[in-house]
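Written below as structure tokens is the structure these notes are about.
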Amino acid sequence: DAGVIQSPRHEVTEMGQEVTLRCKPISGHDYLFWYRQTMMRGLELLIYFNNNVPIDDSGMPEDRFSAKMPNASFSTLKIQPSEPRDSAVYFCASTTWGTSVKDTQYFGPGTRLTVL
Amino acid sequence: GQQVMQIPQYQHVQEGEDFTTYCNSSTTLSNIQWYKQRPGGHPVFLIQLVKSGEVKKQKRLTFQFGEAKKNSSLHITATQTTDVGTYFCVNAGGTSYGKLTFGQGTILTVHP
């Protein structure tokens, strides 16, 4: 089975530019999560979706961040405009009630974002 | 969910030594999960503990859930260089299904 797929794996951009991160969850998973990881703040949950609907976006840092899930197999996290403090590794994860262990999350490889 | 506190933050051991990381919560946890993240990698699920006093083993790894369900530990016997990484305990309970609250993790370094 293919795991969670994220693209790009690395992104370097300049301050003020728009950045779009992409995620394809595991087929059949109906929950999708976006996390951000930095040395200072650790692993933070930004937003999560259930059946393509955003359930909790309380972790989204500010209006510059937005996330969408237009269908069950695709989600985007957009930062506009980007700032150097947005530099981090962004992970996407997915899960479903049908997993053998309730609430187990499967993480993608992450996107390492550097904003200059 | 309530964030759990994990200690130590860093641990350096010689290969072959044992290692333990502890996870504590001020509130009772419904269940706790452990994840491992290799350097440059992503978190990978290791195990879930649900019952009070539960003990589970995976080869050299032993996981425990406290009797009061407020603490947990991960013990690695005879560490190997492949054990290097960050170990997270995660509050997997709460009112929001699927919402995990990660602790700050313990970074394990194993010197050959």
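Computed from the coordinates by the stated procedures, all read-outs in this text should not be read as laboratory data. The structure presented is a predicted model; accordingly, all values stated were derived computationally and were not measured.
When the Karplus curve 6.51 cos²θ - 1.76 cosθ + 1.60 is applied with θ = phi - 60°, which whole-Hz ³J(HN,Hα) does each residue of region B:76-88 get, with x for Gly and Pro?
10, 8, 6, 4, 10, 4, 6, 7, 4, x, 10, 10, 10
If we restrict to alpha carbons, what Rg and Dmax does region B:1-49 come to, in Å?
Gyration radius and largest Cα-Cα distance of region B:1-49: 12.9, 36 Å.
For A:K24, give me every one of the aspartates and glutamates with a C-alpha distance below 15 angstrom, ignoring sequence neighbours fewer than eight places off in its own chain.
Within the straight-line limit of under 15 Å, A:K24 reaches these aspartates and glutamates: A:D1.
Quote to one decimal, in nm, the extra length available between A:M15 and A:R64 on full extension: 0.36 nm per residue of separation minus the C-alpha distance between them.
Stretched fully, the A:M15-A:R64 segment lengthens by 16.4 nm.
What translational D, rounded to a whole number of µm²/s, comes out for chain B from Stokes-Einstein when the hydrodynamic radius is the Kirkwood one over Cα pairs, at 37 °C and 0.692 mPa s?
236 µm²/s
Considering the Cα trace of region A:1-106, what is its radius of gyration and what is Dmax, both in angstroms?
Calculated on Cα positions, Rg and Dmax stand at 13.6, 43 Å.
Compute the normalised compactness of the protein assembly as shown: alpha-carbon radius of gyration over 2.2 N^0.38 Å, N being the residue count.
Taking N as the residue count of the protein assembly as shown, the ratio is 1.02.
For B:K99, which lysines qualify as cross-link partners when the Cα separation must be under 16 Å and same-chain residues fewer than eight apart are set aside?
Partners within reach: A:K102.
Pull up all non-local amide H partners of B:E17: gap of 5 or more, or a different chain, and H-to-H distance under 5 Å with H placed in the peptide plane.
For B:E17, whose amide H was placed from the backbone, the distant partners under 5 Å are B:T79.
For chain B, what relative contact order do you get, as a whole percent, if you take Cα pairs closer than 8 Å and at least 6 residues apart?
About 38 percent, as a whole number.
HN-Hα J couplings of region B:30-35 from phi, Karplus 6.51/-1.76/1.60, θ = phi - 60°, integer Hz, Gly and Pro as x?
Whole-Hz 3J(HN,Hα) from phi for region B:30-35: 6, 7, 10, 10, 10, 10.
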